[in-house]
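The values are calculated or read from the model by the stated rules, or taken from the named source; none is laboratory data. Quick caveat: nothing in here was measured; it's all calculated off a predicted structure. Note: ideal-geometry Cβ built from the backbone for every residue, glycine included; neighbour counts use all protein chains shown.
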Amino acid sequence: MRITVIGTGYVGLVTGVSLAEIGHHVTCVDVDEAKVAMMANGISPIYEPELEQLMEKNIQSGHLSFTTELHFSSADVIYIAVGTPQLPDGTSDLQYIEQAALDIARSLTKDAIVVTKSTVPVGTNHWIKTLIEEATPKEIKITIVSNPEFLREGSAVYDTFNGDRIVIGTENNQGREILDDINASFGLPIYHTDLKSAEMIKYASNAFLATKISFINEISAICEKVGANVEDVAFGMGKDNRIGDKFLNAGIGYGGSCFPKDTNALVQIAGNNEHDFKLLKSVIKVNNSQRMKLVERAIEAVGDLSGKRISLLGLSFKPNTDDMREAASIPIAQELVNQGAHVVGFDPIAIPNARSFLPEEVQFKETIEETIRGADVALIITEWDVIKSIDLTAYTTLMTSPIVIDGRNCYSLDEVRRHPIHYISIGRPEIQ
Ligand code: NAD
């Protein structure tokens, strides 16, 4: 199958590379010339495990190519994977989707199957189809398919080949059969539905996962007050199959380019349809307040932060990615700077991106040791392996005062107790 993928971000590039890997001929199109030049040379513009090797392999085999040219007439199937960021009112910004639809319409000379990978509000696939049809000659037939993406940044390639399900929302059998063919080699369960239900599955899934996170964070707050340990509580809960043990890690909440925007968008979708989604509004509120917990704890531990040296360990929104979008480190660093602290940040991968997301006052160091040297407080923001596996004596030997405030519960309390560290984590007893 000849496939064109529009947009080569975390979703589009991984989709394009993976479809090439299972034997399709894929052209990835992006409007960002610098990005396309890099990719054409086998260099991935994003950090994603296994991605660059697969890219190189498929460029070499002739299955994968990159272009800035917006000509789609030779493709059997066109995937849309452009961004759908959040507008200030919480709704999805569909300008990139609209542009992609118009670009498709302008260059079509034959019938086309258009597949939407981007996360889009319910009803958007019908709108995309209408946009394309209005701008193409009457005899050209458009089949639209909703194929929402569930990959996780940091394990995107793995997830594409090992996901729990592929959701295919269609309006007719033709779209369904072709998408089944395209995806057959992934060997994953395929779930068919109509367009609107497929669009909703994506939002409902992210909203549910966000709810689990805010739920356990609320439980963690109660655990702190009553002297229980949220880790033990989550373990005991997770043993119940009806609950499951995933997404029950208490911490400083969710971030990234999906959960915050998708939860806000679902609140808006509900509101536009006269439904007040009170539960999801609370989930969002809990998450927003959760992020500031580390700063509050730092003030409780050392008082006025003005002039204090504070280390931020981990800057990306989660481990194994360089993505800084909606990372907890952003509001935390800003608040620390506002309070007059001297902020020093470390991340194994995300520092180049972090420079443009964090306040200019933040200094960056290449190693954990350099970051915590002379620090009054260390805040753990992202649970990278390199941070989880540090020898805890580094905190006692390098910091001015070994106060570690762990937003991701990286260390076992037994291990911490063997060191003279003042350790504050989320929903677990404080160790002085
Ligand atoms: P991204 O911002 O990383 O990438 C979008 C890309 O599209 C950019 O490279 C941009 O230059 C390109 N682009 C924009 N307009 C274009 C056009 N008209 N023609 C060609 N290229 C164009 O976005 P992303 O994180 O990959 O997300 C894409 C979509 O997938 C979003 O709707 C998102 O919600 C959804 N999604 C993302 C993830 C994730 O983990 N990132 C997971 C599931 C779903």
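Of all the residues in the stretch 125-182, those that are under 15 Å from VAL115 (Cα atoms) and of a type in the set (S, T, N, Q) number 9. Contact map, the stretch 374-395: first residue touching a residue at least 12 places away in the same chain (Cβ under 8 Å), second residue of a type in the set (S, T, N, Q) and assigned to a helix (DSSP H, G or I), Cβ cut-off under 7 Å, separation 6 or more or different chains; pairs are ILE381/SER329. Those strands (runs of 3 or more DSSP E) of the stretch 62-172 in which at least 1 residues are touching a His at 6+ places or on another chain (Cβ under 6 Å) and either modelled with pLDDT of 95 or more or among the small types (Gly, Ala, Ser) (or both), considering only elements entirely within it, cover 166-170. Residues of the stretch 203-237 being closer than 18 Å to GLN268 by Cα and without any contact (Cβ under 8 Å) to a residue 12 or more places away in the chain, which ones? Listed by number, the list holds a single entry, PHE208.
Restricting attention to the stretch 254-272, does a residue exist that is part of a loop (DSSP other than H, G, I, E, B), more than 16 Å from the ligand (Cβ to nearest atom), farther than 15 Å from LEU87 by Cα and outside the structural domain of THR321 (by TED's automatic domain parsing)? No, every residue in the stretch 254-272 fails to be part of a loop (DSSP other than H, G, I, E, B), more than 16 Å from the ligand (Cβ to nearest atom), farther than 15 Å from LEU87 by Cα and outside the structural domain of THR321 (by TED's automatic domain parsing). Within the stretch 31-54, being surrounded by 14 or more Cβ atoms within 10 Å (Cβ to Cβ) and away from the ligand (no atom under 13 Å from the Cβ) holds for ALA40, GLY42, GLU50, GLU52, LEU54. Return the residues of the stretch 324-361 that are under 20 Å from GLY307 (Cβ atoms) and buried (at least 21 other Cβ atoms within 10 Å of the Cβ); say none if nothing qualifies. Of everything in the stretch 324-361, those that are under 20 Å from GLY307 (Cβ atoms) and buried (at least 21 other Cβ atoms within 10 Å of the Cβ) turn out to be ILE332, ALA333, LEU336, ALA341, VAL343, VAL344, GLY345, LEU358.
Among the residues making up the stretch 346-373, those that are of a type in the set (Ser, Thr, Tyr) and either free of Cβ contacts under 8 Å to residues at least 40 places away in the same chain or assigned by TED's automatic domain parsing to the domain that holds GLY255 (or both) are SER356, THR367. When you scan the stretch 149-168, do you find a residue that is away from the ligand (no atom under 16 Å from the Cβ), within 30 Å of ASN264 (Cβ to Cβ) and touching a residue at least 60 places away in the same chain (Cβ under 8 Å), even just one? No, the stretch 149-168 contains no residue that is away from the ligand (no atom under 16 Å from the Cβ), within 30 Å of ASN264 (Cβ to Cβ) and touching a residue at least 60 places away in the same chain (Cβ under 8 Å).
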